[in-house]
Amino acid sequence: MSSPVESRRRISGASAGTLLERRAHALGSAYRLFYDRPVHLVRGEGVWLYDAQGGAYLDAYNNVPVVGHCHPRVVEALSGQAAILNTHTRYLHESILDYAENLLATYPAELNRVMLTGSGSESNDLALRLARHYTGAEGIIVTRHAYHGNTSVTAEISPALGPSYRRPPHVRLVDAPDTYRGHGDVAARFVQDVDEAIKDMAAHGIRPAALLVDTVFSSDGLFTDPAGFLAPAIELVQRAGALFIADEVQGGFGRCGTDMWGFQRHGVMPDLATMGKPMGNGHPMAGLVARSEIIDAFGRDCRYFNTFAGNPVSCVVGMAVLDVIRDENLMQRALQTGDALRVSLREMMARYPRMGDVRGAGLFTALELVEPGDERKPDGKLAHLIVNDMREHGVLIGSAGPGGNVLKVRPPLVFSEDDARLLCEALEASMGRCV
Ligand code: PMP
């Protein structure tokens, strides 16, 4: 009998070959595709994606469509405003103010100014400019396998980009707070590493401008617990005169279930928080929030204009996303579904010793695959097999972490407990086939 996922899809090869050739000719070799047999998607709805042959895929990977693919309220907001007016921030318009005020209302009162950009990379790039301008310092601390963007400056703080990464003299790398392979108290280890980074900068005549971390450490392999582990390091950094920049591109917009923003899980107060991916549910919009002194200091010396960022269409889209997260109670759903999913995955661990660890918060779950034995050696090959096998059976997940062995389950927040059951059935079947 075919599984519920399989019964929704018809499998066929189709014209992927032609598209691959056209991509190679038109786009060149820097782009990468997911999966050994790439997926050609033509339509999405909620947590489902459909390929050119009508095959359905349960989307357990994409965080950008946070309120579900093609949510009708987002589509309506976008198309309605696009039919009336789309300009930029050099004219007066209510939409940017409505959006900024509503977005700020989701943050602690100390973070009271918004600046809008077009991507997560631009947000981090701007945050670094603001931090350097405010502190007059240059040094930046990030984690060892961080990804913060694709501009020249953010690529310099993105060691996850691969072997070509060269750490610039003003950047220091610290280990992510790894609860699976690290020993002892992760908070104590993290603050010690940050302290050493600051001292090493001082020894080289560099003053620290910022500690910048993804608040869920997604490209490092996802570390969310114990809640609060960031607090001592943030206190140290701020005492040293540097700013804490919370990168909320992955952890934000309710993903962790308990709070709207990842830093809130740790009870800390950033000086700046950057956002992207889910902000427009797929419409390209991003931004940052900050304390007013930081923005004012910059604004006195420099003007800011970003052609597309903050246009009326983007702002009504962003507003629709915030409305749906609230009206459909998506944080609560993320919390419940994510907890239920991890309970099932932990039960599965008892049957599959190659599943070394299950961790996460809300609807962001990591499952570490390891080699046989007790050494917890990352098994990136097995992760590759599983990710591809699940794709062949209609479930989309990804992998992350320095060893590429961490299965990454990060669906739209409308993912239900039934969807989580489908995912677990598919994973169990894949483990049976691949291990
Ligand atoms: N920060 C983090 C934590 C990210 O995961 C990403 C994207 N993967 C970025 C920044 C960059 O965002 P964008 O691709 O929108 O530039």
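Any read-out appearing in this document is the output of simple, stated calculations on the displayed coordinates, not a laboratory observation. Note that the structure is a prediction, hence the values are computed from the model and not measured. Using ideal geometry, Cβ is built from the backbone for each residue, glycine included, and neighbour counts are taken over all protein chains shown.
Odds and ends about this structure:
- When the chain is treated as a GNM with alpha-carbon contacts under 10 Å, the residue of Phe308, Phe229, Phe263 showing the greatest mean-square fluctuation is Phe308.
- Applying the criteria of a DSSP loop state and at most 16 other Cβ atoms within 10 Å to the chymotrypsin sites (Phe, Trp or Tyr not before Pro) of segment 47-134 yields Tyr91.
- Straight-line cross-link reach from Lys381 at under 25 Å between alpha-carbon atoms covers these lysines, not counting any fewer than eight positions away in the same chain: Lys408.
- Distances between placed amide hydrogens fall under 5 Å for Asp247 paired with Val213, Asp214, Thr215, Thr274, all partners being 5 or more residues away or on another chain.
- Candidate cross-link partners of Lys199 among the lysines, defined by an alpha-carbon separation under 20 Å and a same-chain spacing of 8 or more, are absent.
- From helices alone, the chain scores -12000 deg cm²/dmol at 222 nm; the rule is -39500 (n - 2.57) for each run of n ≥ 4 DSSP H residues, then divide by the residue total.
- The chain: DSSP helices with Cα axial extent of at least 24 Å and average Kyte-Doolittle hydropathy no lower than -1.0: 186-203, 330-351, 417-434
- Taking amide H as placed 1.01 Å from N in the peptide plane, the amide H of His145 sits under 5 Å from that of Ala176, each at least 5 places away or on another chain.
- Evaluated over the chain, the Cα radius of gyration and Dmax, each in Å: 21.7, 68
- Here the 3J(HN,Hα) profile of segment 146-153, calculated from phi with Karplus coefficients 6.51, -1.76 and 1.60 at θ = phi - 60°, is 6, 10, 10, x, 10, 7, 4, 6 Hz, Gly and Pro shown as x.
- Diffusion of segment 306-435 by Stokes-Einstein, at 20 °C in a medium of 1.002 mPa s and with Rh set to the Kirkwood radius over alpha-carbon pairs, works out to 134 µm²/s.
- Considering only Ala26, Ala187, Ala297, the Gaussian network model of the chain with Cα springs below 10 Å gives its largest mean-square fluctuation to Ala26.
- Cα-based shape type of segment 72-327, given that a ≥ b ≥ c are square roots of the gyration tensor eigenvalues and the cut on a/c is 1.5: prolate
- Relative contact order of the chain, defined on C-alpha pairs under 8 angstrom at six or more residues apart (%): 22
- Overall form of segment 41-185: oblate. Here a/c, set by the Cα gyration tensor axes a ≥ b ≥ c, is 1.5 or more, and a/b is not larger than b/c.
- Computed from phi, the 3J(HN,Hα) profile of segment 48-59 under the Karplus parametrisation 6.51, -1.76, 1.60 (θ = phi - 60°) reads 10, 10, 10, 8, 5, 9, x, x, 9, 10, 6, 8 Hz, with x in place of Gly and Pro.
- Spatially proximal aspartates and glutamates relative to Lys377 (Cα-Cα < 16 Å; intrachain offsets below 8 disregarded): Asp178, Asp220, Asp357, Glu368
- Applying the Karplus relation 6.51 cos²θ - 1.76 cosθ + 1.60 with θ = phi - 60° to segment 399-406 yields 3J(HN,Hα) values of 9, 8, x, x, x, x, 9, 9 Hz, where x marks Gly and Pro.
- Distances between placed amide hydrogens fall under 5 Å for Thr117 paired with Ala286, Gly287, Leu288, all partners being 5 or more residues away or on another chain.
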